[in-house]
Amino acid sequence: MSARILVVDDDVALAEMIGIVLRGEGYIPIQAFDGADALLKIAESKPDLILLDVMLPGLTGIEVCSKIRETSGVPIIMLTAKGDTTDVVRGLESGADDYVVKPFNPKELVARIRTRLRPASEGSNTVITLGDVTIDVPAHEVRRADTPISLTPLEFDLLLALALKPQQVFTREMLLEQVWGYHYKADTRLVNVHVQRLRAKVELDPDNPVIVQTVRGIGYKAGGATSAADSAS
Amino acid sequence: MIPQAWRAFLVALGAPFRFWRTSLLTRTVAITVALSGLAVTVIGGYMSLTIADSLFSSRENQILSETARAASTAQSLFENSVTASGSIDVETANTTAQTAIRAAQSSPGSSGFAVLRTPGQITPQTMTSTSTAGLDLSVVTSELRSRVVSEPSQIHYQSVTIRVEGEARPGIVASALFQVPSAGQYELYLIYDLQDVQSTLTLIQRTLIAGSLALVLAIGVLTFFVVRLAIGPVRQAAKTAERLAEGFLEERLTERGEDVIAVLARSFNKMADSMQRQIVRLANLSQVQQRFVSDVSHELRTPLTTIRLAGDVLYAQRDSYSPENSRTVELLITQIERFEIMLTDLLEMSRYDAGAVSLEVDEINLVPLVEDCLDQLAPLAAQKGSPLLLEVRGGYGESEVDPRRIRRIVLNFVGNAIDHGEGREIVTFVDSNEEAVAIAVRDWGVGMSPDQVLRVFDRFWRADPSRQRTTGGTGLGLAIAQEDAAAHGGRIDVWSVEGVGSCFRLTIPRTPLAGWDESPLPLPPESMIIPELNPRDVSEELA
């Protein structure tokens, strides 16, 4: 079944062109030209991924992103004309999983989409415990005690990557490759922002992280692991 | 420590000189006091002399006329003492005469008199020479006596020193002659003590001095206040100017009155107004430009994305086109890429022009960064046949730089080297010293003439426009690189010789905008890995 991708951009020509590219790759494009329209279309068609332009008339892309994240973990890739400003960080903080700078190489865009839409890692068939948090891999659920913690697929992937190798310290480059699929030097802010988002959801005290620990000068690692019954590594 | 104390001493010694130099007030007051002191001294001295002169001469005249009177009184007295028979009782007459003389000597300071017989006379009678009791006759000098005798018709006098109770005082001896009938010529000497005149003079002098000092002091104080009053506005202006210079653009002088100070204040304020307006306008302009830059950035990128996507879609299907269309699409794609790069470069350049550039500084190790860049360009270099070599002599430590910009510079250098390297080796050198790090890229290719070297950083300037560019080449690469280097507080230097090769060296301080003296790398650096690359014998080339 082909994935449905919602393209939200106020530039009609660009939206159409992206649509053509997506169709060429076997996806089904849906178009929205502003924030309100986008929210409508999401409710109607339930897309599998959203391409969201940051500069929109009316509701800004960032506001739309936050709104979407209130109820859904659907993958969101930001399209932005300015790759080196605070816009990117704000977009990521509001919930976007990744971003692409205009003008972009269509191959690049497709690669990002593919990474976000890939099926869940068949890592291991177990439940992993980090501190007081349990990760049920096959069920794709994370709980503390019996309270479920709602994570977006990206956040889940990130947590899982760390949890599968609890002794391993992951550099930002390693995480960019594993979770985001970047094989070259990419923006490490992606990792920073999403670790922060993850901590905000998963840690009891995000300022003193226990589950996702920082290793100064290197990166991050999972903390408080007790047992990972059969590790698939 | 001793040198410290010595230094402090010298500083203290020099303090008055420094004070002199820096304080207009002190200088003015000091000069005024000095000059008025001089004037007062001269005038006072003159006054003192004149007064002394006049005091003394008036007393003198008094004494002389008194002496003349006394002499003539005595003379007539003696003449009247001659009886009808022509005889005279000189001693009686003497006594009478003495009384008369005593009476005549009435000027202040009278200190006695003496009547002395002129020596060398033969007369029928002799009158006794007399003098006031206790009078020291040595005050009547022989010099005076001889003068008196030699010029009998004049009154003579002489200044002498009189001793009174051991004190030496100024005095005058005045003399006149008279004839005693039948006793001959007698000299009358009147002695006067001038101490009172002297005292008066001394008093006057003291008063003059005291008065002068007071006057000079008063002048000094007055000058101080007046100058301070006058300088006040100037000082105020200086302080206000300094505040303006520090950036407090609101500072102004108070304008009061119509005099030249008010004119100064008004002009100053006008100038400050104009300056403030200008600065604010420029700041606004810069802001406007920055906003424009970022708006343009967004506006252009969206249609460009559409074009790019369209081009890529067509390109993906080029196998199904006619050869011409296929080639058309290829050209389309490459030009779109070029356009994109040019757009980015132009926007970067205009950001630098608007002063809207901020470094995103990171502590990184430069060597891996350079290695990365070389890896990135390796395929391109291979195409041209140029081996990319790296000689690291230092610079392993962390440097605070904007990695994106440094990367851009290195890529530009290596790209240019690949394009102009004629397929020969390209060596990248990295080194550091205490203050700075340097990255130099050297090629042994076509080189540049001195004219070309001068223009190599110009915007859109190409050494050889017909040369095939493999690395984009908007003509802005080096201009941007130069700005990137300057933003760090560093510099790019070029060495090039036609037919031999070129070297571009980037030197930046270890922390942004810190000072540095010397670049850690020479220009051009000689390769130590491949000594054959070092200056070849030119004859070998020609042979």
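See the values below:
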| read-out | value |
| --- | --- |
| Neighbour-count ranking [beta-carbon atoms within 10 angstrom, fewest first] of B:Thr254, B:Thr511, B:Thr306 | B:Thr254, B:Thr511, B:Thr306 |
| Computed lengthening from B:Ala237 to B:Ile31, 0.36 nm per intervening residue step minus Cα-Cα distance | 71.7 nm |
| Principal-axis tilt of helix A:35-45 within chain A, Cα atoms, nearest 10 degrees | 70 |
| Charge context of A:Arg23, other residues only, Cβ under 13 angstrom, K/R +1, D/E -1 | -1 |
| Around B:Ala97: net Lys/Arg minus Asp/Glu count, Cβ-Cβ under 15 Å | -1 |
| Helix B:323-353 axis, angle to chain B major axis (alpha carbon atoms, nearest 10°) | 20 |
| Förster radius 41 Å - calculated FRET efficiency between B:Glu422 and A:Thr86 (Cβ-Cβ, nearest 0.05) | 0.35 |
| Neighbour-count ranking [beta-carbon atoms within 10 angstrom, fewest first] of A:Leu164, B:Leu203, B:Leu144, B:Leu25 | B:Leu203, B:Leu25, B:Leu144, A:Leu164 |
| 20 Å reach of a label modelled at B:Glu526, 7 Å along Cα-to-Cβ, counting backbone N of the stretch B:399-430 | B:425-430 |
| Cα gyration tensor, the stretch B:299-450 - rounded (a/c under 1.5), prolate or oblate | oblate |
| B:Val260 paired with A:Gln167, simple spin-label distance in nm, labels 7 Å along Cα-to-beta-carbon | 9.1 |
| Assigned charges on the beta-carbon of Lys, Arg, Asp, Glu; the stretch B:199-261 dipole about Cα centre (debye) | 400 |
| Potential lengthening between B:Ser58 and B:Ser320 on full extension [0.36 nm per residue; Cα-Cα distance subtracted] | 80.3 nm |
| Simple spin-label estimate for B:Val296 and A:Gln213 in nanometres, 7 Å along Cα-Cβ | 5.2 |
| Degrees between helix B:24-80 axis and first principal axis of chain B (Cα, 0 to 90, nearest 10) | 10 |
| Two-decimal Rg/Rh across the stretch B:47-203, once Rg and the Kirkwood Rh are taken from alpha-carbon atoms | 1.01 |
| Charge context of A:Phe156, other residues only, Cβ under 11 angstrom, K/R +1, D/E -1 | -3 |
| Square roots of 5 times each gyration tensor eigenvalue, C-alpha, chain B, largest first, Å | 119, 30, 18 |
| Calculated FRET efficiency for the pair B:Ser107/B:Leu213, C-beta based, R₀ 41 Å, to 0.05 | 0.75 |
| Debye-sum result for the stretch B:207-330 in log10 I(q)/I(0), which assumes one identical scatterer on each alpha carbon, at q = 0.19, 0.21, 0.22 Å⁻¹ | -1.03, -1.12, -1.16 |
| Gyration tensor verdict on the protein assembly as shown (Cα atoms; rounded if a/c is under 1.5, prolate if a/b is larger than b/c, oblate otherwise) | prolate |
| Theoretical gain in end-to-end length, B:Met47 to B:Leu454 [0.36 nm per residue, Cα-Cα removed] | 138.5 nm |
| Within the stretch B:491-507: backbone nitrogen closer than 18 Å to the B:Val357 label point (7 Å, Cα to C-beta) | B:491-494, B:505-507 |
| The stretch B:320-374 shape via C-alpha gyration tensor axes, a/c threshold 1.5 | oblate |
| Inter-site label distance for B:Arg69 and B:Glu250 at 7 Å from Cα along Cβ, in nm | 8.9 |
| Surface/4 estimate of mean projected area, convex hull on alpha-carbon atoms of the stretch A:57-174, nm² | 9.0 |
| Projected area averaged over orientations for chain A, convex hull of C-alpha atoms, nm² | 12.9 |
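Coordinate-derived values only; no laboratory data. Quick caveat: nothing in here was measured; it's all calculated off a predicted structure. Note that we place each Cβ from the backbone using ideal geometry, even for glycine, and neighbour counts take in every protein chain shown.
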